[in-house]
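Notes follow once the structure below has been shown.
The values are calculated or read from the model by the stated rules, or taken from the named source; none is laboratory data. Note that this is a predicted model, so its numbers are computed, not measured. For neighbour counting, all protein chains shown are included, and Cβ atoms are generated from backbone atoms with ideal geometry for every residue, glycine included. Keep in mind that these areas ignore ligands, DNA and RNA; they rest on the heavy atoms of the full protein, side chains included. Shrake-Rupley method; radii C 1.70, N 1.55, O 1.52, S 1.80 Å.
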Amino acid sequence: MTPATTTTATDQAAPGGASDQATPGGRAPAHRGRPGRPGAAELLAAAVGAVPGGAARTGQQAMTTAIAEAIRTRTHLLVQAGTGTGKSLAYLAPALTVTGPVVVSTATLALQSQLVEHDLPRLADAAEPMLRRRPTFAVLKGRHHYLCLARLENSAEEEPADLFDSPAGGGTQWLGAAGRLGKQVERLRDWAMETETGDRDELDPGVDDQVWRQVSMPARECVGAARCPYGEECFAEASRARAREADIVVTNHSLLAVDMIAGRHIVPPHKLLVVDEAHELADRVSSAAQAELNPDLIDRSTRRARPLLPPETAEMLVEAGDALAVGLAESPAGRLTGGLPPALREACTLLDSATRNALEAVGDVKADDPDPVRKQQVRAVLDELSKTTQRLLESSDNDVAWVEKPDGPAAGRRALVVAPLSVAGTLANHLYEERTVVATSATLTLGGRFDTVARSLGLETAGPVPAGSQPAGGQPAGSQPAGSQPAPPGGADANANTDARPSGQLADLAPEDLSWRSLDVGSPFDYAKQGILYVAAHLPRPTVSGLPAQAGEELLTLIGTLGGRTLGLFSSRRAAQQAAELVRARTGLTVHVQGEQALPLLVRRFREDQASCLFGVMSLWQGVDVPGDACQLVVIDRLPFPRPDEPLAAARAAAVDSAGGSGFAAVSVPIAAIRLAQGAGRLIRSAGDKGVVAVLDSRLETARGYGAFLRRSLPPFWYTTRPDVVHGALRRLAAS
């Protein structure tokens, strides 16, 4: 069993002062610790007791206690909770001691579904007798997830244009496909008469994305309930109203990011925010602040705006779209390091002028407009084009721009993209303001420390401190845990010192005082007895793309010894395909490859057939949960460093290099550490699981600068580089 480790962040006062004082914003104390009311520990015990076969877990109890203390002192908290801890109930139980809504944000739909369908109902059942009322919860999604009655009414006018568009922008659809989509719109009209929520996830069978775009309303295009003729019946507004009244609101990182960037008016006011799967939050904020231009987007926007524009103004938009198509065709894919190339700059200049003229021609939305909804939609899409164009023309040092286009000569999506270089400052300014934040994940420590992930979340680690005191990150100043490696050099520069924000909307400087504490509650699993980490140190360092021949032979030996039951996590589709062809040709095993069929179907078939393997790329590294004997070997072909052509990672590494640090150590190594930990975590999913994680990249053993750091970022498996040892273990697993 992995022990719990408590680490203290700072000795400063918690944000907002002592627990019996109001915060600067005048908020009342958040904690419900009144006499006669159950505490967090009691609520947790009741919830665990309601789980079939449930039992107390030390790490889960420690996590609940730490969160209750964070609520009391208003101190931000980072908690690493290994697989099997039961972290969902560990944070949901103390959430019921807080007055007003508590917001829980997740990165994946799978976790959101687990909370809403299993954990929250179970907690509500257990807590109802203790609270003398039934706790309530609600799910809050983006506005575009809900049916918009105003858009539905107008959808017939838009069907001929948009429904004939190819999803990939590569020409038009054949008439049969267009007819099928038209029938889906008609089915949506029938559904609108009977649905109570308008939530797309409740529509069964579903509809194509193109069709849903016809009947949903992005937030930027919404005219607002007061101006909309369907405002009183709005499904999205009803979902927000339910969220305001709930005890616990479950949302997602993408909406949380949009809420921060938009000024915190989407998610209901709250005093406690729990960020689960917190290692993914910074990337979701980057995505929310990302924008792009592509010819198809300009074409769709022009068609939508044309009825409100003079012909010459609409033609300016068409010419700008054509110029962008030419500029993208002439520009190679990849990061733009010297500003926009002449052809793309000319296209953006034309588009800037065209959108300004179009916005002036459309005018403001007024109360007496005959169709305010349509006018707001047009203004929104034009305004989005205008802001993105101006952002690209500014070529700010805080932004990264790149060209995306398909590999090879095939037709496909071509786009000019811009994203922030860093979001740490954005998070520091907007994530922690007037609320206590608990960030948790199974992957928050890298190299045994919280520092790197804390910086990415906008939390600065402490500078020099007196001897014996505790800096943010949890270890005494100047010391490291026994046997650990220092954090990668240059790590502080990777995220903390460069704040890039969309169009200057957010402030540059992070608050100076963001006190935080950290806690590693370990895992109930005995990793050293349940699993082996095997590094094929005898293999040559990988130098070519795809699957090297010697690594392929090693893979065959490992899989053949076990007889299947193998999850293969590969660095590229080419490597996964090569491995599948090799195993199929040389063994009688079934090999499922990601992309050949829908992933849930492949996972189910892999789980049901022990004489099979499942091979795939990055989405498999954290999206597959196969406990039991079906998965006893996880093979990783090489260390998952970001590819040199990944624009954001390359730009961030270059920024650290230019500041005198090591971009590889500060950016690439932490990315690889998180990915590697997520991939290795696929092996042990329950207390009875046993198996091997095999890494076919010798650098995990031989690289002096980062090998040990990466190993310390993994669960504490029993470690070996000896092939005979791992082969013997696999034979015993096969025999059992």
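Give me D for the stretch 252-309 in µm² s⁻¹, whole number, from Stokes-Einstein with Rh from the Kirkwood sum over alpha-carbon pairs, 20 °C and 1.002 mPa s.
154 µm²/s
In Å², what does the accessible area per residue of the stretch 541-655 work out to with a 1.4 Å probe?
Dividing the accessible area of the stretch 541-655 by its residue count gives 42 Å².
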Report task. Compute the Cα gyration tensor for the stretch 219-337, then decide on rounded, prolate or oblate, letting a ≥ b ≥ c be the square roots of its eigenvalues: rounded whenever a/c is under 1.5, prolate when a/b is larger than b/c in the other cases, and oblate in all that remain. Result -> oblate
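Sort 343-351, 129-137, 269-277 for me by packing, meaning the mean count of neighbouring Cβ atoms within 10 Å per residue, highest on top.
269-277, 343-351, 129-137
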Query raised in the report: What are the lysines whose alpha-carbon lies under 27 Å from the alpha-carbon of residue 690, with same-chain residues fewer than 8 places away excluded?
Result: 87, 529
Report summary line: Per 5 angstrom bin, beginning at 0 and ending with the bin that holds the maximum distance, the Cα pairs of the stretch 559-667 fall in percents of 2, 12, 20, 19, 14, 9, 7, 8, 5, 2, 0
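Kindly rank 522-532, 96-106 from highest to lowest mean number of other beta carbons found within 10 Å of each residue.
So the peptides 522-532, 96-106, ranked by packing, come out 96-106, 522-532.
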Report summary line: Fraction of alpha-carbon pairs in the stretch 523-565 farther than 16 Å apart, rounded to whole percent, equals 54 percent
Query - Sum of side-chain charges, residue 202 neighbourhood, beta-carbon under 12 Å (Lys, Arg +1; Asp, Glu -1) - result: -3
Query raised in the report: Which whole-percent values make up P(r) of the stretch 633-708 when all C-alpha to C-alpha distances are grouped in 10 Å steps starting at zero?
Result: 18, 41, 28, 10, 2
Report summary line: On each of the three principal axes the extent of the alpha-carbon atoms of the stretch 592-637, given in whole Å and largest first, is 23, 21, 16
**Report entry** By average C-beta atoms within 10 angstrom, highest first, the peptides 110-120, 450-460
**Finding:** 450-460, 110-120
Report task. Could you tell me which of rounded, prolate or oblate describes the stretch 81-152, using a ≥ b ≥ c as the square roots of the eigenvalues of the alpha-carbon gyration tensor, with rounded for a/c under 1.5 and, failing that, prolate when a/b is larger than b/c and oblate otherwise? Result -> oblate
Query raised in the report: From the Cα gyration tensor of the stretch 594-732, with a ≥ b ≥ c the square roots of its eigenvalues, which class applies: rounded if a/c is under 1.5, or else prolate if a/b is larger than b/c, or else oblate?
Result: oblate
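Kindly give Rg over Rh for the stretch 287-405, based on alpha-carbon atoms, with the Kirkwood expression for the hydrodynamic radius.
Result: Rg/Rh = 1.00.
To the nearest whole percent, what portion of all C-alpha pairs in the stretch 39-87 is separated by more than 12 angstrom?
Working: 743 of 1176 pairs.
Counting pairs separated by more than 12 Å, the tail of P(r) holds 63 percent.
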Report task. First obtain the Kirkwood hydrodynamic radius of the stretch 225-266 from its Cα pairs, then insert it into the Stokes-Einstein equation at 4 °C and 1.567 mPa s, and state the resulting D in µm² per second as a whole number. Result -> 111 µm²/s
**Report entry** Fraction in percent of alpha-carbon pairs per bin - 5 Å, the stretch 671-736
**Finding:** 3, 14, 25, 25, 18, 10, 4, 1
